[in-house]
Amino acid sequence: MVRRLLERQQAGELATRHVRAVAETVGVSERTVWRWLEQAKTTGRVEVPVRQGYAVSDEVWALLGEAGAMSRS
């Protein structure tokens, strides 16, 4: 996907509609796809980065609990 967009860009054929179609297909913003293209040009890697989720640690949950308890007072 990024490889094809990069090829189109290098050929001078890339349009915003191409980026928009990819963004809609994979469920990300157009800005994200443009970033992927920039990264591909810089690093040569054309694989879509794997999105890492955020996990709340036990320590953060404890702090959130304390903050919630304090705000109820």
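Worth a mention:
- The chain: DSSP helices with Cα axial extent of at least 18 Å and average Kyte-Doolittle hydropathy no lower than -1.0: 58-71
- The modelled label-to-label distance between residue 18 and residue 62, using points 7 Å beyond Cα along the C-beta direction, is 5.3 nm.
- Nonlocal amide H pairs with residue 14, under 5 Å, H built at 1.01 Å: 9
- Against the set (i) 12.5, 42; (ii) 19.6, 63; (iii) 13.8, 42, the structure's computed Rg and Dmax of the Cα atoms in Å falls on (ii).
- Pairwise FRET efficiency - residue 31 versus residue 10, Cβ, R0 = 25 Å, nearest 0.05: 0.75
Computed from the coordinates by the stated procedures, all read-outs in this text should not be read as laboratory data. Note that the structure is a prediction, hence the values are computed from the model and not measured. We place every Cβ from the backbone using ideal geometry, glycine too, and count neighbours over all the protein chains shown.
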